[in-house]
Amino acid sequence: MTDQPVFDPAKDAAALAAVKLVQPGMKLGLGTGSTANVFVHRLAERAAVEGLALRCAATSKATAELAASLGLRVEPLDELGWLDLTIDGADEVDPDLNLIKGGGGAHLREKIVACASDRMVVIADQSKVVEQLGAFHLPVEVVPFGWQVTQALIRKGLDGLELSQRPILRRLRDDAPFLTDEGNLILDLSLEAIPDPQALALMLSRIPGVVEHGLFLGICEMAIIGRDDGSSVELVAEVTQ
């Protein structure tokens, strides 16, 4: 029997509101993280009660295992093709619905799935809403080969943007390097503030060895923000992307 996530009224409120967006026959992208896990549980409950015919693509091995254990149909993205809707969490959401994602190390698959969807909707609690991105560390997935060279190139690029901060290799509690589902490493950038996310995203994308970064710019269409009182509010971008 699959354990239920620890109940959090804000995350549950966002998840329940997002479940209402799901229509029978949809092809869905399922996100990764604590709030996304709540959504998967709530989605499975509704699918079981209503007999919904859904086909799902997961953004991580952990999400795929969870969804399958709850009775949802999980298939490879390449078999599903284009998706109707992706529901995922975020580590930060700004007023334009730009995001930082990747706290769980799944941002590569999350971005692929989100960009293979008609709509991406983020679910989060109020603590994830910020005026400016950057307080949460920005994950950058890099290939293991020559990763220290990649780290040095990132550092040089940050200096050029006046964002001087040494990229830190993400490690597990036993000090072993954290590996993504693709077998890559993650360098975390603790920048405190990102005044120009577009410039930073462009710089990172140009560096050999960088697979993907956790800036999701112009991808999210709507954010559903759960509140501690069990209510939720929908946010749309202040500026058209």
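Cβ separations smaller than 6 Å between residues 6+ apart or across chains give the following pairs from the stretch 34-59 residues that are in the same structural domain as GLU92 (by TED's automatic domain parsing) to residues that are polar (S, T, N, Q) and modelled with pLDDT of 95 or more: THR59/THR32.
For ALA18, the stated conditions do not hold, so it cannot be described as more than 21 Å from GLY218 (Cα to Cα), touching a helix residue (DSSP H, G or I) at 6+ places or on another chain (Cβ under 9 Å) and touching a residue at least 24 places away in the same chain (Cβ under 8 Å).
When residues in the stretch 103-136 are screened for being in contact with a Leu (Cβ under 6 Å, 6 or more places away or on another chain) and within 17 Å of GLN198 (Cα to Cα), 1 of them pass. Being β-branched (Val, Ile, Thr), out of contact with any Ser or Thr (no Cβ under 6 Å at 6 or more places or on another chain), in a loop (DSSP other than H, G, I, E, B) and surrounded by 14 or more Cβ atoms within 10 Å (Cβ to Cβ) is the requirement here; does VAL38 meet it? No: the conditions fail for VAL38.
CYS56 meets the conditions (1) closer than 30 Å to LEU169 by Cβ; (2) in contact with a Gly (Cβ under 8 Å, 6 or more places away or on another chain); (3) not β-branched (Val, Ile, Thr) in every case but one. The failed one is (1). Residues in the stretch 21-49 that are more than 27 Å from VAL129 (Cα to Cα) and in contact with a helix residue (DSSP H, G or I) (Cβ under 6 Å, 6 or more places away or on another chain): LYS27, ARG46. Tallying residues that are in a strand (DSSP E or B) and either under 21 Å from ALA135 (Cα atoms) or among the aliphatic types (A, V, I, L, M) (or both) within the stretch 147-187 yields 6. I'd like to know if the stretch 152-165 contains one or more residues that are acidic (Asp, Glu) and either in the same structural domain as PHE178 (by TED's automatic domain parsing) or in contact (Cβ under 8 Å) with a residue 24 or more places away in the chain (or both). Yes, some residue in the stretch 152-165 is acidic (Asp, Glu) and either in the same structural domain as PHE178 (by TED's automatic domain parsing) or in contact (Cβ under 8 Å) with a residue 24 or more places away in the chain (or both). Mind counting the residues in the stretch 195-241 that are within 18 Å of the chain's Cα centre (by Cα), under 20 Å from GLY134 (Cβ atoms) and not in a helix (DSSP H, G or I)? Residues meeting the conditions: 14. In the stretch 124-133, the residue that is surrounded by the most Cβ atoms within 10 Å (Cβ to Cβ) out of those that are among the polar types (S, T, N, Q) and part of a helix (DSSP H, G or I) is GLN126. Got at least one residue in the stretch 178-196 being in contact with a helix residue (DSSP H, G or I) (Cβ under 9 Å, 6 or more places away or on another chain), surrounded by fewer than 18 Cβ atoms within 10 Å (Cβ to Cβ) and outside the structural domain of CYS115 (by TED's automatic domain parsing)? So far as the stretch 178-196 goes, yes, one or more of its residues are in contact with a helix residue (DSSP H, G or I) (Cβ under 9 Å, 6 or more places away or on another chain), surrounded by fewer than 18 Cβ atoms within 10 Å (Cβ to Cβ) and outside the structural domain of CYS115 (by TED's automatic domain parsing). Only one of the numbered conditions (1) touching a helix residue (DSSP H, G or I) at 6+ places or on another chain (Cβ under 7 Å); (2) of a type in the set (A, V, I, L, M); (3) under 21 Å from ILE225 (Cα atoms) is not met by LEU52, and that is (3).
The values are calculated or read from the model by the stated rules, or taken from the named source; none is laboratory data. In this text, all values refer to a predicted model and were calculated from it rather than measured experimentally. Glycine also receives a Cβ, built like all others from the backbone with ideal geometry; neighbour counts cover every protein chain displayed.
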